[in-house]
Amino acid sequence: MIKDNEDSDLLIEDDNENENEKEKKSDKENEKENEKESGSDFELEDSGDISDVNQKPIDNQPKRVGFKDNEEIDVPTVVDMSDVEEAFKWIIKNIHLVEKQCGKTNVWGETKINLEKLANSNIIQTVEIRKLTKQANESTSLISGEKDKNPIVKFTCYFQELILYNLHFHHWKGGNLIAANDDGTSDPIIEFSVSSSVSGFKKKERKFSHSCRSDKIIRTLTPSWEEVGWITFVGTRSELQHAILECVVYDWDPKKSPEKIGESHIELTNIFDFGVVRSPLKLKTILPTNQEQWKDAGFVEGIVELKESSFHQQYGYIPDLYPGKNYLAVEIIRASNLTAMDDGISSDPYVVAEWEGCKLSTFVIEKTLEPKFNEILFFPLNVATISEEDIAKKGNITISVFDQDQAGDDILGMTSINLSDIVKGVAQDHTYEDQTVRSRTYSGTKYLLFNGQETTQGLEMRAWFHPDLPDNFKFENVFEVTPNTPISEAFVKRENVWLRSLPKLHVQTGAYLIKGADENNNDHFIPTYMTKVNVPEDLRSINEILRTIKAFPFENDETTFQGRQDVWCTQNFFLGIRKGSAEEHAMLLVNILLGLGMDAYFCYGITRSNEKHSWALVREDNGTVILFETAYAKQYRLTNAWNGKNVFEEDNKKELELEVEEIKPSNDAKIIPYTGLAIVANDKNLWGNAQKTLDPATIRYNFENSKEWIPFVTDDFDEDIAPFYHPKSLGPKLSAQRLLSIRNLIKDELIHSYQIYRSAEHMNTYIESELGEVIDKGLHFYEKLLTKKIESTDKDFLYWKGELSNLTPVGFSFSGSPLSFSYIDSIRIRKYIMEKIDFHKERDERARFAFGCHVEPYYHGMCMVWVMIVKLLPLPIEKLQIEDEMEETEEDKKRIEKNKKGKKKDDEINNSNNMV
């Protein structure tokens, strides 16, 4: 018995069903288990299957902890799954809370966790185990006479996977290096290594490969290394995030050891999101007083490309604290009065905290407007020295609340926490993983801003430094981003001069923009949205890039921002919510093309329907200009549309005074969906079209010619046009198992809807499953055609067509068309198809149906979904007779042709014999 104020030992264990219980299962239960193993969805309350996968706690013993009534307990249990070969996707484990007393073990309660949802952060991570009573379970009698005492144990489960990480260092360069040679130059070498405090703290030691070092570059202070090397690490995502990349630049000397001329400690926290790294170099010197002094030694920047070798993609944030490291802790407690985004009823909220470009998120809490998160997000400081100046450079903390949606997440609101408010707070004790610190703490509720306006949505938070910083740190001069900030007066004055230099009739179109308001309603010069983005090595095909961009759903600003129009979201915000307008799609494409070293530009103009629109273009060296329309993933090629690269490299100082003849539209130009191009921009400048016409098919694209294109930024304009944000790179693709799950979910949704509708109409539904699998292959084949990844196109197509023909029942007609979607929401797809295609209303009882679906993965977890529903109907008797006659006619023709060939051959033989 457990009574008030009485101690007891509790045991939390993973409980596998014994063999006797398994043998008692009915055939129906076994059939349900087979369905689960095959990949069908199931509810937690129905999941009675206990996996027999061998999971062992670290110490091979269940975790016990004594507790008192109404006392919160923490039971840290680590399960080693490194020996599990099969995917964990369909494993379900029971977690039992039992009382061990007098040699007997009584079950107090249990809960069940779907490990797939656990790993994908789709369930609340804190679950409750309640005592089973007679009313809940007649076979379990635990406590006599006590009905009101139901102890509750709360615990949190995290899933961390061991992953093989390969860090590829390439396209690095340096600037303003220290001169080590007598001639004022150096012979620099760059070397990378990774240090980690994991060893000695973790149960298992993770090891990095040897450091990598570049070749030497002779006599320069601005070196460039195209290839540096690789570093390999096997461990968890958290362990890699807490590691520090050490970069050292040496001056090579053939007569002695290389001399260090600068070093830097770079955070690896951000490489999951940002591939481009820039860091200042410092050089330590010893003063005559034996004190250390660090002086500036230039900078280095380049690409750290991260490749993972793993069966699964880990989502969510796993907090691990390492001794001796400093953190900024942000605790998200709860939110209140959130906006209902799902049919006006509820939302699936989660919170994202961002600090100096590093983003951490809470888990998603489904179907609530009053979520309780109670999660702590830890940002490693990762600075070489703990100084107020270095930490202040990181800025304040930005907090955003989103509603998770398969068709693209919705922003609910944003707020921020100032570093100065943290150090002004009252000191509080904080305990995490047996580490207790007393730190000044910000604590309070902030109301979220939406479209720059304060809402009634509240977010309760706390924030502190772990451990606390020195008392003299005030952070009074930290730059704070405030909403509704207009562009600076210098840009306004320059805009007035620039517009006066352009044709008045062109300006009256309203398409000559120089600025755009971001998601916080802050104005920015359009080129500051553009910046080079690190692109995965295997993403080089322009067709695949276009399909990747198209996979992001298109949604107008008025819908995304609930009435607000003309929003120019940053790339990071666009990648965060995974949907946006034409501007966001075009800017992302331009940033990718700039990252690939192309001469790429953002375009803003007018469509044939007289609407403002954005697209992208690339100039090739041979004078060709290619226009890219992201909505259709199409490209339009204009030959001889500019003078080519060589002309301007040779005559870049000579003004082109002769007017250039208008080019004749090419075949592609005839179908260009635009009637006017007003401005183009890249990450360096913005140009206004000053030619006689705005027609993209006939204008010239010589942006270097200031008479054809008026530049906004001139030599006398000193304003900073660097990007105002740190660009986030594309995330990974979805795993094959996840794609299979999505495909099955969409198919099941469609088939189930057909069966329900036709059953209500007293009609049967006959499904041709095998034919549906062949349609799956065809849809996959068609998507590959669009990305031009298939070489033997004709052969593969004919083979697939033959399979399709063989499986189509004889005497049946075949009708159906493929549809593509840039979202994976099965319900939304089903609603669209049922409204547009009325196959389900077919009254012929002999009708058969086949359902095909293919989900093609693209980077950043995006997908193109292809769906095809085929209706098979028996052909009328008259048509069958006609076809039979046609077949007989064809046979007669073949027979006659064969006889003719035989007679011709006999004649040739006779003629040959006569000659002999």
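The values are calculated or read from the model by the stated rules, or taken from the named source; none is laboratory data. For clarity, every value in this text was computed on a predicted model and none was experimentally measured. Reconstructed Cβ throughout: ideal geometry from the backbone, glycine too, with neighbour counts over all protein chains shown.
Data for the structure
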| read-out | value |
| --- | --- |
| Filter pass, TRP464 being in contact with a Gly (Cβ under 8 Å, 6 or more places away or on another chain), assigned to a helix (DSSP H, G or I) and either surrounded by fewer than 16 Cβ atoms within 10 Å (Cβ to Cβ) or not hydroxyl-bearing (Ser, Thr, Tyr) (or both) | no |
| Test: residue in the stretch 522-537 that is closer than 22 Å to ILE411 by Cβ and among the charged types (D, E, K, R) | yes |
| Residue in the stretch 408-420 that is among the charged types (D, E, K, R) and touching a helix residue (DSSP H, G or I) at 6+ places or on another chain (Cβ under 6 Å) present | yes |
| Residue within the stretch 428-443 that is in contact (Cβ under 8 Å) with a residue 40 or more places away in the chain, in the same structural domain as ILE333 (by TED's automatic domain parsing) and within 30 Å of GLU584 (Cα to Cα) present | no |
| Hey, SER400 in contact (Cβ under 8 Å) with a residue 12 or more places away in the chain, among the polar types (S, T, N, Q) and not assigned by TED's automatic domain parsing to the domain that holds CYS247 or not | yes |
| Candidate set: the stretch 766-788, residues that are touching a residue at least 60 places away in the same chain (Cβ under 8 Å) and among the aromatic types (Phe, Trp, Tyr); chosen: the one nearest to TYR859 (Cα to Cα) | TYR782 |
| Residue tally, condition aliphatic (A, V, I, L, M) and closer than 19 Å to ALA335 by Cβ, over the stretch 414-452 | 4 |
| Single residue of the stretch 353-397 satisfying the filter (aromatic (Phe, Trp, Tyr) and touching a Lys or Arg at 6+ places or on another chain (Cβ under 8 Å)) that is surrounded by the fewest Cβ atoms within 10 Å (Cβ to Cβ) | TRP355 |
| Flag for VAL364 being more than 23 Å from the chain's Cα centre (by Cα) and part of a loop (DSSP other than H, G, I, E, B) | no |
| Flag if ASP720 is of a type outside the set (A, V, I, L, M) and at pLDDT 90 or above | no |
| Residue tally, condition farther than 10 Å from THR630 by Cα and assigned to a helix (DSSP H, G or I), over the stretch 572-582 | 6 |
| Candidates SER209, SER199 - the one that is closer than 30 Å to VAL533 by Cα, surrounded by fewer than 17 Cβ atoms within 10 Å (Cβ to Cβ) and at pLDDT below 75 | SER209 |
| All positions within the stretch 797-825 that are in contact (Cβ under 8 Å) with a residue 40 or more places away in the chain and over 14 Å from ILE869 (Cβ atoms) | THR808, PRO809, GLY811, PHE812, SER813, SER822, TYR823, ILE824, ASP825 |
| Selection status of LEU283, in a helix (DSSP H, G or I) and modelled with pLDDT of 75 or more | no |
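Let's see how each residue does on (1) part of a strand (DSSP E or B); (2) of a type in the set (Gly, Ala, Ser); (3) within 21 Å of LEU381 (Cβ to Cβ):
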{"residue": "HIS430", "(1), (2), (3)": "yes, no, yes"}
{"residue": "LYS446", "(1), (2), (3)": "yes, no, no"}
{"residue": "PHE473", "(1), (2), (3)": "no, no, yes"}
{"residue": "GLU495", "(1), (2), (3)": "no, no, no"}
